[in-house]
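Down below is the structure, laid out as structure tokens.
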Amino acid sequence: MTASGPHSRPDAPRRSRPATVTVTGAAGQIGYATVFRAAAGDLLGPDTPIRLHLLELPQARRAAEGTALELQDGAFPLLEGVEVFDDADAAFDGASVGLLIGARPRSQGMERADLLEANAGIFSVQGRAVNRGAAEDFRAVVVGNPANTNAYIAASHAPDVPRERFTALTRLDHHRAVAQLAEATGARVAEIRGVAIWGNHSASQYPDLTHATVASRPALEVLAEQGLGLDWVDRTFIPRVAGRGAEIIDVRGGSSVASAAHAALCHVRDWALGTPADTWTSMAVPSDGSYGVPEGLVSSFPVVCRDGRAGIVPDLALDDFSRTRLERSVRELEEEREAVQQLGLLGPRR
Ligand SMILES: NC(=O)c1ccc[n+]([C@@H]2O[C@H](COP(=O)([O-])OP(=O)(O)OC[C@H]3O[C@@H](n4cnc5c(N)ncnc54)[C@H](O)[C@@H]3O)[C@@H](O)[C@H]2O)c1
Ligand SMILES: O=C(O)C[C@H](O)C(=O)O
């Protein structure tokens, strides 16, 4: 084990047993933007103390140790300890939550597919580490791209952990879709329900407004009143949401960070504590065959979380347009799965 000395605070209030949260790529941009909010209670709520396990590459270990010092300086009442690792087995030992962020981000001109080979190897190693030593209640969100397929790879190497515990982040896309709809209709974000992201966290994703409401009225009706018809949805809304990652890279000069960290925190918090009673969210979860998505593929769906389970919202009517868009994104996921299979990156569970 290559942990640095943990700092623990015996005077911290004990509400329940602390949950061990393993954050990979902890010294990277999203990792750094995530860990302080996790320590403040934004990950598992204000009643669950946490221990942070920060996993980094050996060359970034010192930077992660610096982050650990800053976490200590935050004197967070919920933070019961921080340890830094450069070994995946040690970092996932006893983990209840995995924030699998560490991976190379896309730079200008790169497509997500270019990241497949560069990043996929990371998730085989981490899947095996989870299988060996994570806690029984372990659940993970993969942020590192290509997130859906990386989650699939990790799950394939962890045959003893229920597959549904490996999910990928499409909550950022969900937030982007909600924000774009709010802007187009002049509504408040809080008035919007029922937006859904289907498929891959990539340009092929399908941000779906057909079930969305704005202040309890069908979103498509509200948009139509403003002169924004299906053509606007098809030509402006969908490409804007699906291409937002690239837009951020172009405008900011680097891939999204704080919005991604916020989305990852919301994803885990809703999974652990439940989605609001009157709506759903979007998460990429292993398909149970719903909506024709092949079983096991990690695809984004509208989900409702209750009692620590993320269930795909059943029986939504999908019109021809929606079905075609979903099928296109699922085809891309199948191609990614095929590519990692050919690279020999999949584990014993297929
Ligand atoms: N799903 C989403 O919505 C979403 C949104 C934004 C970014 N991302 C992705 O998140 C990932 C991280 O982005 P970032 O901006 O934080 O990148 P970054 O380069 O700032 O940080 C990545 C960190 O991961 C570390 N790392 C690499 N391999 C590792 C390994 N095997 N174990 C542990 N740590 C490892 C690196 O040392 C680095 O510190 C990228 O793949 C990016 O494309 C996903
Ligand atoms: O698009 C990217 O490569 C970065 C990230 O996945 C995003 O959606 O912002």
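Could you say whether any residue in segment 256-266 is modelled with pLDDT of 95 or more, farther than 15 Å from residue 198 by Cβ, assigned to a loop (DSSP other than H, G, I, E, B) and in contact with a helix residue (DSSP H, G or I) (Cβ under 7 Å, 6 or more places away or on another chain)?
Checked against the condition, which is being modelled with pLDDT of 95 or more, farther than 15 Å from residue 198 by Cβ, assigned to a loop (DSSP other than H, G, I, E, B) and in contact with a helix residue (DSSP H, G or I) (Cβ under 7 Å, 6 or more places away or on another chain), segment 256-266 yields at least one hit.
Could you give every pair whose Cβ atoms fall below 7 Å, whose first residue belongs to segment 162-175 and is under 19 Å from residue 245 (Cα atoms), and whose second residue is of a type in the set (A, V, I, L, M, F, W, C) and within 7 Å of ligand 1 (Cβ to nearest atom), counting only separations of at least 6 or pairs across chains?
Listed by first residue and then by second, the contacts come to 168/147; 169/143; 169/147; 169/263; 171/263; 172/260; 172/263; 175/263.
Would it be correct to say that residue 288 is part of a loop (DSSP other than H, G, I, E, B), surrounded by 14 or more Cβ atoms within 10 Å (Cβ to Cβ), touching a strand residue (DSSP E or B) at 6+ places or on another chain (Cβ under 7 Å) and at pLDDT 95 or above?
So residue 288 fits the description; yes.
Restricting to segment 288-304, count the residues that are under 14 Å from residue 197 (Cα atoms) and among the polar types (S, T, N, Q).
2
Search segment 202-252 for residues being more than 26 Å from residue 278 (Cα to Cα) and surrounded by 20 or more Cβ atoms within 10 Å (Cβ to Cβ), and hand back the single one that is farthest from ligand 2 (Cβ to nearest atom).
If we take residues in segment 202-252 being more than 26 Å from residue 278 (Cα to Cα) and surrounded by 20 or more Cβ atoms within 10 Å (Cβ to Cβ), then 202 is farthest from ligand 2 (Cβ to nearest atom).
Condition check: over 30 Å from residue 244 (Cβ atoms), in the same structural domain as residue 164 (by TED's automatic domain parsing) and within 22 Å of the chain's Cα centre (by Cα). Does residue 124 satisfy that?
For residue 124, the condition - over 30 Å from residue 244 (Cβ atoms), in the same structural domain as residue 164 (by TED's automatic domain parsing) and within 22 Å of the chain's Cα centre (by Cα) - is not met.
Under 8 Å between Cβ atoms, at least 6 apart or on separate chains: pull out the pairs that start in segment 238-264 with a residue that is outside the structural domain of residue 223 (by TED's automatic domain parsing) and end on any residue that is in a helix (DSSP H, G or I) and not polar (S, T, N, Q).
From segment 238-264, no pairs qualify.
The values are calculated or read from the model by the stated rules, or taken from the named source; none is laboratory data. Keep in mind it's a predicted model, so treat the numbers as computed, not measured. Because the Cβ atoms are built from the backbone with ideal geometry, glycine has one as well, and the counts that use them run over all protein chains shown.
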